[in-house]
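The block underneath contains the structure these notes are about, expressed in structure tokens.
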Amino acid sequence: MTKYIFVIGGVMSGIGKGITTASIGRILLDKGFNATAVKIDPYINIDAGTMNPVEHGEVFVTEDGDETDQDIGNYERFLDKNILSENYMTTGRVYQAVINKERNLEYGGRCVEVVPDIPNEVIRRIYKVVRDSRADFVLVEIGGTAGEYQNLLFLEAARIMKLRHPKDVLFVLVSYLPVPRLLGEMKTKPTQYAVRTLNSAGIQPDIIIARSESPIDEPRKRKIGLFCNVVKEDIISAPDVESIYEVPLNFEKENLSRRILSKFNLRTRKKDSRKWNDLARKIKNLKKSVKIGIVGKYFKIGKFTLMDSYISIIEAIKHAAYFCNAKPEIVWLDAEDYEKGENKLKELKSYDGIIVPGGFGGRGSEGKIKAIGYCRRNKIPFLGLCYGMQLAAIEFARNVSGLKKAHTTEVDKNTPHPVIDLMLEQKKNLAGNKYGGTMRLGAYKCALKPGAISHKAYGEKEISERHRHRYELNNKYREVLEKKGLVVAGVNPERDLVEIIELPVKKHPFFVGVQFHPEFKSKPLRPHPLFREFIKASIKTNNRHTMSVLIP
């Protein structure tokens, strides 16, 4: 019988429910169980593709082409497996399914009600994950917090599942314990209120994950246990850590897997946490560093800098740096700053490597193009992802191929040289105002050019990578660009679409742009080949100490 663990937030969001869920899955995996995870987003949006990345975070794309919450990426990285579209649901997706069934008379003509039909649809989707994954454990993370009105129907689904399977369902509350600066004392009252709120929905947490700046002490554990009706052994200390990959280790110090298994009357099947433990220890003991700049526009909100818009890129950099025995130093560089003058570009000399990530629209595009040109001329290792690859092609077309007004039709519809243009089917989508879920999404094949940087990195003739875009390199300009030295290193074999562009190693230590998103497939124990080679080149080149302008 499959076991279900619902992970619910208390007090505030953004304190690590996703990492908690992924880490529980990891420790169960290391105990010999097959675990998978489901994310529930309490939004009317059908998927995450239409959500603002600054507000909601990165849109993570699955192998089968679903645009999901960033926590699906956390699950993939910690569980080291693909998590598919059926593991992600939103309020909009659930309601849409119920309404479609009602229209198709699948309810036999009876009155369809919010309760129990919406919770039953949630449960049906969870059961489908079980059937398809054959998992021993299904972890279900409910987004937001226990007190949010929009979560009530998902909590109701969890309550019903507990009623149906009393011995197979467990509730984990992730709650924050603040330490007000002027008081200097860890406060438990917010967690008590969170538990009381959950109780009002008919749910009693079995385990409380106590998030805080520092480890929770015994007096606080006893107090929470008494007022929240949880034995203190089931209150798990989860202090802030330098690396998220330490979290499973900290959970095991608190005997979390033993507590979970005992509640389900299960025993450990095997113990195999050596590789994960070795990684966590390695991260703590790294000495040398590599400094990487990310030139983007999705990280400023008011006076705060948020990282969630690029979380998979950040983690992919970390994975590759750890593999190369280096500690990554990641710096956010605002693309719009480079549009103000050439002098600002000189700061790029202080970085070992530069990444230009994906994005949409014209804001900051000229700044990104200038930064890419600076990296090309000054031999600073460069990796362009999706839009970053497209802008690299535009920069090369303008400044090497002589197509001065080259651009993407996404920004300039009247450019005389549309080096980047809409795919044919995308023109039809946009003409019909079909935006949500209509991009080129999911995994596609790419044939690699023998001897190219990317071919050597992958060590394979053909690869498969995940995409999320509407625009492509215009094949009408391929010959012009190649004549001037741009290497088309990867092509989709079915449609002859350019997937990878490079500069030869003899002209540049590492200059690679990819139309896809390699960051989505990077894992802590298996860094992505392109990020691995990019970091290697960044360490080797060490641009902070040796710099010369060699290409006009």
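The values are calculated or read from the model by the stated rules, or taken from the named source; none is laboratory data. Everything numeric here is computed off the predicted structure, so don't read it as measured data. Virtual Cβ from ideal backbone geometry, glycine too; neighbours counted across all protein chains shown.
Just a few scattered comments:
Residue-wise test of (1) over 24 Å from the mean Cα position of the chain (by Cα); (2) modelled with pLDDT of 95 or more; (3) not assigned by TED's automatic domain parsing to the domain that holds residue 7.
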{"site": "126", "(1), (2), (3)": "no, yes, no"}
{"site": "136", "(1), (2), (3)": "yes, yes, no"}
{"site": "144", "(1), (2), (3)": "no, no, no"}
{"site": "151", "(1), (2), (3)": "no, no, no"}
{"site": "156", "(1), (2), (3)": "yes, yes, no"}
{"site": "169", "(1), (2), (3)": "yes, yes, no"}
{"site": "172", "(1), (2), (3)": "no, yes, no"}
{"site": "185", "(1), (2), (3)": "yes, no, no"}
{"site": "192", "(1), (2), (3)": "yes, yes, no"}
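- Residue list for region 37-72, filter: of a type in the set (Val, Ile, Thr), surrounded by fewer than 24 Cβ atoms within 10 Å (Cβ to Cβ) and farther than 24 Å from residue 445 by Cα: 44, 46, 50, 54
- Unmet criterion (only one of (1) outside any helix (DSSP H, G or I); (2) at pLDDT 95 or above) for residue 535: (1)
- Candidates are the residues of region 217-245 that are closer than 30 Å to residue 523 by Cβ and in contact (Cβ under 8 Å) with a residue 40 or more places away in the chain; the one that is farthest from the chain's Cα centre (by Cα) is 238.
- Within this structure, residue 380 fails the test of being within 27 Å of residue 311 (Cβ to Cβ), assigned to a helix (DSSP H, G or I), in the same structural domain as residue 519 (by TED's automatic domain parsing) and at pLDDT 95 or above.
- Taken over region 428-479, residues that are more than 20 Å from the chain's Cα centre (by Cα), in a strand (DSSP E or B) and farther than 22 Å from residue 396 by Cβ amount to 3.
- Annotation: of all residues in region 424-442 being among the aliphatic types (A, V, I, L, M) and touching a helix residue (DSSP H, G or I) at 6+ places or on another chain (Cβ under 9 Å), the one that is modelled with the lowest pLDDT is 439.
- Helices (runs of 4 or more DSSP H) fully within region 3-91 counting 2 or more residues that are charged (D, E, K, R) and touching a strand residue (DSSP E or B) at 6+ places or on another chain (Cβ under 7 Å): 71-79
- Filtered residues of region 201-225 (kept if surrounded by 12 or more Cβ atoms within 10 Å (Cβ to Cβ) and either of a type in the set (Phe, Trp, Tyr) or in a helix (DSSP H, G or I) (or both)): 220, 221, 222, 223, 224, 225
- Any chance residue 177 is under 24 Å from residue 229 (Cα atoms) and in contact with a Gly (Cβ under 8 Å, 6 or more places away or on another chain): no
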